[in-house]
Amino acid sequence: MTTPTQYQDRKGIQPRTSFATVLVGQKEEKFTVHEELLTFHSPYFRAALTAGFREAQDKTVTLKEEKGRIFEFFVHWLYYLRFPNKDDSAELYAAWTSDNDYGDLKTENLIQLYVFCDKYNVPELKTKTMTEIFNHVEEDDGEALPSVGLIRFVFDNLPEHAPLCSYLEHAYCYWAQDFIWEDFGSVDWPSGFIGRVLARYSAFARGDLTRDDFNSPCDYHEHQSVTDRTACEAKQREEEEL
């Protein structure tokens, strides 16, 4: 993959020309990335590239279990601070989303990108990805709900009470249509997920919850304070107006 040689200025990043190599997947797909971008946005990569280990000396990190496609989306965000759009290469945009699949490809990419950010400690992108998942599913009245396979992937790779797990539970309570449950007995639903969905359905039936009890992406962010949440909500409103 070819990465940009220039990137927009960011507070705390000093422009340099040092690069790191990241080998991704079983075939070790090679990515060459500005080292300071990796270390600025991810404590995981900061430790890998600056500690006294062989990776730091070689400036090479190997991620055998990851997908090259998801890492490419991560690198794209490092340089542009946004998700792929039609201004990017046709190949990249086609890998990111499709107009003919009810949003399924984009849902899959976002879910896998969120798990990647959780695993490699990329907090800013993790928050933005959660916001995008929320908006993507909500804007089409649940047509882009994650598949059972994606739900299993999330519950296998995140703590059961992680924000994304909570969102999937809530989204299914609001948007899942009858046909989704028709083959319930033959589908390998994660038991933790189903238990939480049933508990929430019960709360709705009792009248303890309504749709307005959570209707913001910030309900699924990990803000450290009310001030942080208020600032995040204000930024989202500004971006929606652009």
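Each reported figure results from applying straightforward, stated rules to the coordinates on display, with no laboratory input. As the structure is a prediction and not an experimental result, all values here were calculated from the model. Note that each Cβ is placed from the backbone with ideal geometry, even for glycine, and that neighbours are counted across all protein chains shown.
Arranged by the count of other C-beta atoms within 10 angstrom, fewest first, what order do Cys232, Cys165 take?
Cys232, Cys165
Working from Cα positions, state the angle (0 to 90°, nearest 10) between the long axis of helix 68-80 and the longest principal axis of the chain. Once rounded, one gets 70 degrees. Here the simple spin-label model places points 7 Å from the Cα toward Cβ, and for Val226 and Glu124 these points are separated by 2.7 nm.
If you run the Gaussian network model on the chain, springs between alpha carbon atoms under 10 Å, then out of Leu92, Leu209, Leu158 the most flexible one is Leu209. The calculated FRET efficiency for Trp181 paired with Lys67, based on their beta-carbon distance and R0 = 30 Å, is about 0.50.
Take every DSSP beta bridge with both residues inside the chain and express the antiparallel ones as a percent of the total, to the nearest 5.
Values: 6 of 10 bridges.
The antiparallel proportion sits near 60 percent.
Where a ≥ b ≥ c are the square roots of the eigenvalues of the C-alpha gyration tensor, would you call the chain rounded, which needs a/c under 1.5, or, failing that, prolate if a/b is larger than b/c, or oblate? Prolate.
Compute the distance from the alpha-carbon center of region 101-147 to that of region 186-210, in whole Å. For region 101-147 versus region 186-210, the Cα centre distance is 21 Å. Go through Lys59/Lys106; Lys119/Lys235; Lys27/Lys119; Lys64/Lys235 and tell me which ones have a Cα-Cα distance over 29 Å in this structure. Checking Cα-Cα distances, Lys59/Lys106; Lys64/Lys235 exceed 29 Å.
Once the C-beta distance of Glu91 and Gln26 is scaled by a Förster radius of 35 Å, the resulting FRET efficiency is 0.95 to the nearest 0.05.
Taking the C-alpha atoms only, the angle from helix 163-175 to the longest principal axis of the chain is near 40 degrees. Over all alpha-carbon pairs of region 43-148, lay out the pair-distance distribution in 5 Å bins, whole %, shortest bin first. Using 5 Å bins, I get a P(r) of 2, 11, 20, 22, 19, 12, 6, 4, 2, 1 for region 43-148. Legend: calculated FRET efficiency, Lys59 to Arg152, from the Cβ-Cβ distance at R0 = 45 Å, rounded to 0.05, equals 0.80. For the chain, the longest principal axis of the C-alpha atoms and the axis of helix 123-139 are separated by about 40°. Of the residues Asp178, Asp219, the one with the fewest other Cβ atoms within 10 Å heads the list, and the complete ranking is Asp178, Asp219.
Give, as ranges by residue number, the residues of region 149-170 whose backbone N falls under 18 Å from the point 7 Å along Cα→Cβ of Asp188. Answer for this model: 149-158.
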